[in-house]
Amino acid sequence: MSQTMIHYTTINIQDYQLTLYKTKHGLTLIETDIDRANHFADNWFKKRFNHFQLIQNDQLFVAETEQLVKYFAGELKTFDFAIDQKGTDFQKNVWRYLQDIPYGETLSYSELAQRMNRPTATRAVSRAIGQNPLLIVVPCHRVIGKNNKLTGFRSGLALKQALLNIEKSDHEKS
């Protein structure tokens, strides 16, 4: 049986420690320190790969690191490195719709379900958003509660608020 080689690096940006994982096809997972405490990556990899080997290789993440640093500084609105999304067809579809939410804007879970022509699938859409492995890059932080309250972010609401604040302040400059 062949093993999937998964490379990783850990970077510190502002107050956040992010671990980036990539396959030969692109970035596949971003894990925060909160995720690490909950064993998110361990469970995520075991569910998606029969056999895998993690290899630290900081040099493979130059573009991703540079772009994430610029994003957190409010200097970058979109990412252009390769990603390798692992999930069900429904999850991937939800994640594609997340990428259509403009920088600096938010939608409710029900509004996203309506955009997908799945108005009765708000809970399923919400679950798929919660399983998004590419925080920040696939902007699940742009989805908020119907009452404009922050809800459901696997890496904590403080990070979700910080990401929205980055985009809001940068969006106001435009």
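Miscellaneous remarks
- Residues that are under 14 Å from the mean Cα position of the chain (by Cα) and among the small types (Gly, Ala, Ser) within the stretch 1-44 comprise GLY26, ALA41, listed in sequence order.
- Counting the residues of the stretch 111-152 that are within 21 Å of VAL69 (Cα to Cα) and in a loop (DSSP other than H, G, I, E, B) gives 8.
- Scope the stretch 69-110; condition hydrophobic (A, V, I, L, M, F, W, C), under 18 Å from ILE30 (Cα atoms) and assigned to a helix (DSSP H, G or I); matching residues: VAL69, PHE72, VAL94, TRP95, LEU98
- Being more than 20 Å from ILE136 (Cβ to Cβ), out of contact with any His (no Cβ under 9 Å at 6 or more places or on another chain) and not assigned by TED's automatic domain parsing to the domain that holds LYS160 holds for only one residue in GLN67, GLN114, GLN53, and it is GLN53.
- Criterion violated by PHE49 - all others in (1) modelled with pLDDT of 95 or more; (2) closer than 20 Å to TYR8 by Cα satisfied: (1)
- Neighbours by Cβ (under 6 Å, 6+ apart or cross-chain): first from the stretch 79-103, not assigned by TED's automatic domain parsing to the domain that holds LYS168; second among the acidic types (Asp, Glu) and buried (at least 19 other Cβ atoms within 10 Å of the Cβ): PHE81/GLU64
- Some residue of the stretch 115-129 being in contact (Cβ under 8 Å) with a residue 40 or more places away in the chain and not small (Gly, Ala, Ser): no
- Residue ID - farthest from ALA162 (Cα to Cα), chosen from residues in the stretch 24-43 that are modelled with pLDDT of 95 or more and β-branched (Val, Ile, Thr): THR28
- Those residues of the stretch 1-56 which are touching a residue at least 60 places away in the same chain (Cβ under 8 Å), part of a helix (DSSP H, G or I) and not acidic (Asp, Glu), in sequence order: ILE34, PHE40, TRP44
- Positions within the stretch 23-42 being surrounded by 16 or more Cβ atoms within 10 Å (Cβ to Cβ) and touching an Asp or Glu at 6+ places or on another chain (Cβ under 7 Å), in sequence order: THR23, LEU27, THR28, PHE40, ALA41
The values are calculated or read from the model by the stated rules, or taken from the named source; none is laboratory data. What you see is a predicted model, and the numbers here were worked out from it, not measured in a lab. Heads up, the Cβs are rebuilt from the backbone with ideal geometry, glycines too, and the neighbour counts pull from every protein chain shown.
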